[in-house]
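What follows is a single structure, written as structure tokens, with notes after it.
The values are calculated or read from the model by the stated rules, or taken from the named source; none is laboratory data. What you see is a predicted model, and the numbers here were worked out from it, not measured in a lab. In this analysis, Cβ positions are derived from the backbone assuming ideal geometry, glycine residues included, and neighbour counts consider all displayed protein chains. Remember, those area values only see protein heavy atoms, side chains included, never the ligands or the DNA or RNA. Shrake-Rupley method; radii C 1.70, N 1.55, O 1.52, S 1.80 Å.
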Amino acid sequence: MKIDGIHYRSVWLDRDDGWRVHIFDQTKLPWALEVLDLTDLSQAAHAIRSMQTRGAPLIGAVAAYGVCLGLRADASDAGLAAHAATLGATRPTAVNLHWALARMVAHLRPIAPAARVAAAYAEAGRIADEDAAQCEAIGRYGLELIAEIAARKGRVNVLTHCNAGWLATVDWGTALAPIYMAEMQGIDLHVWVDETRPRNQGAALTAWELGSHGVKHTVIADNAGGHLMQHGEVDLVIVGTDRVTRTGDVCNKIGTYLKALAAHDNGVPFWVATPSTTIDWTVADGVREIPIEERAASEVTVMTGPTEDGSLASIRITPSFSAAANPAFDVTPARLVTGLITERGLCAATSAGLAGLFPGMTPAS
Ligand code: MRU
């Protein structure tokens, strides 16, 4: 996607030396656009853990490049296993991270250590390219949903939660890809952007992305969505996801479940954009089986932003004696999901719906 007319991906290799890994530091957005230069495995692991880079598909791609950086220092069998273990321990919930590491290890293990670095960069590049292509396809299928509403009623109001845009993937985004395509088609579109406490990925990242592409949007407090749905101000909800079970349960940023409940109560379609790399075929019951990341309480108790002179300041918003809890994701049961938007098309959030688009995917594959 573009910033000031220049096309960027969310992870890319240095143009000169071809091995350093670049990402945007998403902890600085929307106040500053800074590029980070990752040169070793520990920097890649830190970037994922600290959420300098984030979003399910993107952390998969960055982890794949992290393996490349690790192999530059140690390309032995033990090194490969250790690099994957270090990167795999950074964040538990998004399955893309673990999928990408498993794919890298399976690809590289049979290759001789001396040839592993080159093979790793090639495989990580394929993971990145495939993610961009899958998200573009999701955009085309999701566009059909938006275009159908636009043909019926004119302006389309979409609500989204968290950031499932190009900052969360290699390119295009998942939930935002159909929105970008609708905008490019000239569809009259407006996006309600949930602020997404506590880290504010909606207010900081989705709003910045949409604004950079000229998409009309309004940031709302997380609790406003139900009210807007009751008053007919939301035509459809599109969110991304960090893990979809083979039965269609959807794990996504904390608060997604409440939006799905409100959408269900108000007859608002609730769609989830997911590349197949986010489907965990080994899991049937999302609430019981998906590990939910618990992040630092300080993300809830402290807020950071620019002061009037432009410098960043942090303020505490709770009493110093109050404890805080910070579960980062929740699970929306399949029964509340209208459907899934995948790179192979739309399907019901059911075992049969997923099996229809992805035949042959068994619980073990
Ligand atoms: O904690 P984050 O910011 O990595 O969580 C991101 C989300 O929950 C996104 O909605 C999800 O990864 C989909 S990304 C296309």
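Structural remarks
- Within the range 58-102, being among the aromatic types (Phe, Trp, Tyr) and either open to solvent by less than 10 Å² (accessible area, probe 1.4 Å) or touching a Leu at 6+ places or on another chain (Cβ under 8 Å) (or both) holds for one residue alone: 65.
- Under the condition of being of a type outside the set (Ser, Thr, Tyr) and within 16 Å of the ligand (Cβ to nearest atom), the residues counted in the range 71-97 number 9.
- Meets criteria (within 19 Å of residue 96 (Cα to Cα) and surrounded by 12 or more Cβ atoms within 10 Å (Cβ to Cβ)) for residue 294: yes
- Scanning the range 140-159 for residues that are among the hydrophobic types (A, V, I, L, M, F, W, C) and in a strand (DSSP E or B) yields 156, 158, 159.
- Residue in the range 197-205 that is open to solvent by 50 Å² or more (accessible area, probe 1.4 Å) and out of contact with any Pro (no Cβ under 8 Å at 6 or more places or on another chain) present: yes
- Matching residues, the range 303-326, being open to solvent by less than 50 Å² (accessible area, probe 1.4 Å), out of contact with any Pro (no Cβ under 8 Å at 6 or more places or on another chain) and either within 16 Å of the ligand (Cβ to nearest atom) or among the β-branched types (Val, Ile, Thr) (or both): 318
- Residue 51 being modelled with pLDDT under 95, buried (at least 18 other Cβ atoms within 10 Å of the Cβ), under 21 Å from the mean Cα position of the chain (by Cα) and within 14 Å of the ligand (Cβ to nearest atom): no
- Any hit, the range 135-145, residues being closer than 25 Å to residue 221 by Cα and surrounded by fewer than 24 Cβ atoms within 10 Å (Cβ to Cβ): no
- Enumeration of residues in the range 245-260 that are under 12 Å from residue 335 (Cβ atoms) and either open to solvent by less than 10 Å² (accessible area, probe 1.4 Å) or not assigned by TED's automatic domain parsing to the domain that holds residue 198 (or both): 248, 250, 260
- Residue list for the range 276-301, filter: within 13 Å of the ligand (Cβ to nearest atom) and of a type in the set (Lys, Arg): 295
- Complete set of residues in the range 327-365 that are open to solvent by less than 40 Å² (accessible area, probe 1.4 Å) and either of a type in the set (S, T, N, Q) or part of a loop (DSSP other than H, G, I, E, B) (or both): 328, 332, 333, 337, 342, 343, 349, 358
- Candidates 175, 182, 120 - the one that is within 14 Å of the ligand (Cβ to nearest atom) and either open to solvent by less than 10 Å² (accessible area, probe 1.4 Å) or among the β-branched types (Val, Ile, Thr) (or both): 175
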